[in-house]
Amino acid sequence: MSRTGGAQLFPYVSYLRIYEPLEAFSDAQQLTILAQRTRPRHQADSIEHEQSLRRILRTLSDPFPHHEPDLVRTTHFPTANGSTAPYYCPNQLAVRTALAAESLHETLRGPLIKVLVPEAAREAHQARLDPETFADSVARLHTRSATWGVPFAWFALIHEDDLTEVVEDDGRVTTVRITARIGDCIDRGRRSVAHLAVAAPEMDLLEEITELVEWLEVFRRDAVVEVDYGPVAERVFPDDSPSDVRLGIESLAEADMLGAAASYRRLASRWIPIRQLARAS
């Protein structure tokens, strides 16, 4: 177990990240990676947290980053010969905030969206983006995030026996990171899709896992996938959600409705109270 002094974030945010070897990136990206490759993970998390606070506390409402150098996270994963190798995940914050703003603009109506994301700020951010690399960055977005709990579809990609890192600070679990080879994640996702397509084609989970598999297939087969619980780990760890999702899908495939219901009850008892916090006053 490792330790970090990172501050707890609220609301709870979890991340699904793709890490690739250095040679997977462009020359410009490699220079950025090499400049940050020795930075510990907790420092990258702290920098990201501090930058977000500065954006929130601006006098004028503007949630977008302004020419901030892109952060890079590094993880080490075992290779076939038993050693470990470094893999890298660019934060791609400028692109992710642009996509988030677009999504928010589609879901919110009225004056609230103008307050949260002023049109002038959106236009200025769009002008800062590099049009030559934007489309490729969107297609190869290395990070996904979720608030108020880890999506069940993410658990279909990982296994309880995968490499697990528990991060603690003063005896408190600050996050749990589960890492697996991308090929294994794709195989697990495809298997889940095949089961659900036959047994429960109406479930939203089928569409969600299908979309995740399509996203994973964009990346190199020597990449690794990380589920980072974030601060919500303190509420749920140790967590049986990967096995509960797998057993639930397998039960549906076997027409075992009692088994599927039992798996869902375990998941619901663990995650619904956390997701209800999003509506708490």
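Tabulated data for the structure shown
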| quantity | calculated |
| --- | --- |
| Accessible area (Å², per residue) of the chain, counting only protein heavy atoms and a probe of 1.4 Å | 53 |
| Rounded to 5, the percent of DSSP beta bridges in the chain classed as antiparallel | 95 |
| Surface accessible to a 1.4 Å probe, residue 190 within the full protein complex, Å² | 120 |
| Over region 101-212, relative contact order from alpha-carbon pairs under 8 Å, at least 6 apart, % | 19 |
| Region 165-248: relative contact order as a whole-number percent, Cα under 8 Å and 6+ apart | 43 |
| Residue-level accessible surface for residue 55, protein heavy atoms, 1.4 Å, Å² | 30 |
| Length gained when the stretch residue 43-residue 68 is fully extended (0.36 nm per residue, less Cα-Cα span) | 7.4 nm |
| Probe 1.4 Å, all protein chains present, accessible-area order of 129, 16, largest first | 129, 16 |
| Under the span-like rule (Cα at least 27 Å along the axis, Kyte-Doolittle mean at least 0.5), DSSP H helices of the chain | none |
| Along principal axes, Cα extents of region 124-247, largest first, whole Å | 47, 44, 28 |
| Low-density loop positions, chymotrypsin sites (Phe, Trp or Tyr not before Pro), region 72-147 - DSSP coil, at most 13 other Cβ in 10 Å | none |
| Residue 116-residue 262 FRET efficiency (beta carbon distance; Förster radius 45 Å; 0.05 resolution) | 0.60 |
| Protein accessible area in region 110-218, 1.4 Å probe - carbon and sulfur % | 53 |
| Value at 222 nm in deg cm²/dmol, rounded to 500, when DSSP H runs of n ≥ 4 in the chain each add -39,500 (n - 2.57) | -15000 deg cm²/dmol |
| Cα-Cα separations in the chain greater than 23 Å, expressed as whole percent | 59 |
| Check: the chain dipole with +1 on Lys, Arg Cβ and -1 on Asp, Glu Cβ, in debye | 720 |
| Rounded to the nearest 10 Å², the accessible area of residue 76 at probe 1.4 Å | 110 |
| Relative contact order (percent, whole number), region 133-281, Cα cutoff 8 Å, 6+ residue spacing | 29 |
| Separation of alpha-carbon centers, region 123-166 and region 79-112, rounded to whole Å | 4 |
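The values are calculated or read from the model by the stated rules, or taken from the named source; none is laboratory data. On a predicted model such as this, the values are computed, not experimentally measured, just so you know. No Cβ is skipped: glycine too gets one built from the backbone with ideal geometry, and neighbour counts run over all protein chains shown. Quick note on the areas: whole protein, heavy atoms, side chains included, nothing else; ligands and nucleic acids left out. Shrake-Rupley method; radii C 1.70, N 1.55, O 1.52, S 1.80 Å.
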